[in-house]
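The structure under discussion appears below in the form of C-alpha cells.
Every read-out reported here was derived from the displayed coordinates using simple, explicitly stated rules and does not represent laboratory data. Here the structure is a predicted model, which means the values were calculated and not measured. Positions of Cβ are backbone-derived with ideal geometry, glycine not excepted, and every protein chain shown enters the neighbour counts.
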Amino acid sequence: MNATVTPNSRRWFGLAALCSAFFMVILDVAIVNVALPTIQVDLDFSAKNLQWVVSAYALTFGGLLLLGGRTADLLGRRRVFMAGIGLFAAASLLAGLAWSDSVLIFARALQGVGAAVMTPAALSILMTTFKEGKERNTALGIWGAVGASGGTVGVLLGGILTDTIGWEWIFFLNVPVGLAVIALAPILLSESRIEHSKRRFDLAGALSVTSAIAVLVYALVEASDAGWASAQTLGLFATSAALLAAFAVIEHRSRAPLMPFSIFRIRAVTGSNVAGLALGAAVFGMIFLLTLYMQQVLGYSPIETGIAWLAMSLTALAASIAASVLVTRIGPKIPLVTGLAVGAAGLAILSQISAGGSYVGDLLPGMLVVGTGLGLAFVAMSIGALEGIEERDSGLASGLMNTTQQVGGALGVAVLSTLALTRTDNLLADGTSQPSALTEGFQIGLIAAAAFAVIGAVAALGLIRGKPKPQLQETSDAVSTSAAPQPAPARAR
C-alpha cells in the first residue's frame, strides 16, 4: 500500500513545485505593469521605450522556448529545469538592483532566457509524470489555473510591493522562491531525457526565429515615429519576413530541427497554438493599457491598481477550475472557442472606458467577463496544445505552446501600445485634454485586443476537431508514473 501511495503523494507535491516555478514566470510577465509609471520616473524611461520592460522579457522568453524545450528533452528535464530557475533568480536580482533603463531592459531579457529554459522543462516533466487521460488533464487543469490567474495576481502583488517597500521587490521576491524550488526539485522530481539520441542543437533555427520576432516588434514600436509607410518600417518588415523564411528553410534541411513542422499535423496542436498567439496578444496588451489607464487617467495608486485587478483574477481562477473538468468530458474545442469569444466580448465592454470613469461603471463589468473567458480559454488551450503528443516530443510541444503565447504577448503589447500612443499624440496635437486623449488611445488599443481574441476564436473553430479524443483507461497509481526519483532508467523513449 505504502509503495504506491507515497510515490503518488510525491508526484502531486512535485506538481506543486512545478506550478510554483510556472507561477513565478507568469507573475513576472505582468507584475511590472503596475510599477511601470514608478519605474519610468525612477529610471528616466521615455514613453516609447517603457514598453520594452515588458517586451524584452516576452521576446527572449518566446523566442528561445523551442530551443529550451528541445534542450530539456536531450540533456535531462530536471537538470535543465533547475538551471533555468537559477538563471531566472540571478536575473531577477540584477533587475532589482538596476541603476538605469538599459540595465533593467537587459535584466528583463535575461529573465526571459531563464524562463525559456525553465518553463518547457517543467511542463515536459508534468507530461512524463502524468499519463494521458483524466489524470494528466487534472494536472494540466491545475497548471492552466496557475497561468490564467498568475497575470492578474501579478498586477495585484506588484501594486502592493510598489506602494509599500518599492518596485525593486517585485524582482527580489523571485530569489528566495527560486532557491526553494531548486532545493526541492531533486527530492520531488525524477530525471528523464530522450535516450540514445544524438545531442544536436539547432542554434541557427533559434537565432533566426528569435531575430525575426525581435525585428518585427521593433518595427511596430518605431512605426509611430518613422511612419507606417516609411522606408525604415517597410525595410524592417521585409527583414523580419526574410528571417522567418530562413527559419523555415533551416528547419526543413536540419537533421535535428528545432521545430519539426510535422507536429502541426495534429489539428488540436495547431489550433491551440494559433489561439494561444491571439490570446497572448489580447491579454498582455489589455493588462498593459488598463494599468496605465487606471494610474494615468483615474489617478489610482499602484496598490489601488493591483486591487482593481483582483476581480478578474478570482473570476479566471474559478472558470479555469470548471474548464479542466469540461475539457476532459468534451474536448478542448468548445471551451476554447467559447472562452475566446467571451473574452472578446469583455474587451469590447472595456473599450468603452471614459476619461471621468469609475471602477464599478467602467472596469468591473468587463473584467468579470474577460476573467471568465480567460479561465476557459487558457486551460483548454493548455490541454489541446499537448493532445496526442508522444513523450519524446513533450519538451518541444510545451515549448511551442509557451512560445506562441509569449510571442503573441510581445506583438500585442507592441501593436496595442503603438495604436494607443499614435491616437493620443494626434489628439494632443489637436488640443484635446490629456485625460481624454489618453483614454481615446486606450480605447483604440482595447478594440484591437478584442479583434485579436476574435481571430483566435475563429482559428480554433476552424482548426480543432469537435470530436473529443477517446480517453485511455485509467489504472491504479503506479510507481512508474511517479515524480519521485526512480532507480530505473529514464522513462523517455
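Neighbours of Val32, meaning other residues whose beta-carbon lies under 14 angstrom from its beta-carbon, give a summed charge of -3 when Lys and Arg score +1 and Asp and Glu score -1. 3J(HN,Hα) couplings calculated from phi for the range 158-165 with the Karplus curve 6.51 cos²θ - 1.76 cosθ + 1.60 (θ = phi - 60°) are, in sequence order, x, x, 5, 5, 5, 7, 10, 10 Hz; Gly and Pro show x. A cut-off under 14 angstrom between Cβ atoms defines the neighbours of Ser208, and their net charge, with Lys, Arg +1 and Asp, Glu -1, is -1.
The modelled label-to-label distance for the pair Ala180/Phe106, using points 7 Å beyond Cα in the direction of Cβ, is 3.1 nm. Working from label points 7 Å from Cα in the Cα-to-Cβ sense, the Ser436 to Val249 distance is 5.4 nm.
Evaluated on the range 47-102, the Kirkwood hydrodynamic radius is 13.0 Å, with distances taken between all distinct Cα atoms.
Stretching the chain fully between Ile165 and Leu428 yields a gain of 91.2 nm (0.36 nm per residue, less the alpha carbon separation). Taking the centroid of alpha carbons for each part, the range 317-343 and the range 86-105 are 37 Å apart. Shown in residue order for the range 228-245 are the 3J(HN,Hα) couplings computed by the Karplus curve 6.51 cos²θ - 1.76 cosθ + 1.60 at θ = phi - 60°: 5, 9, 6, 4, 5, 5, 5, x, 5, 4, 5, 5, 4, 5, 5, 5, 5, 5 Hz (x for Gly and Pro).
3J(HN,Hα) along the range 114-121, derived from phi through the Karplus expression 6.51 cos²θ - 1.76 cosθ + 1.60 where θ = phi - 60°, amounts to x, 5, 5, 7, 6, 5, x, 5 Hz, with x in place of Gly and Pro.
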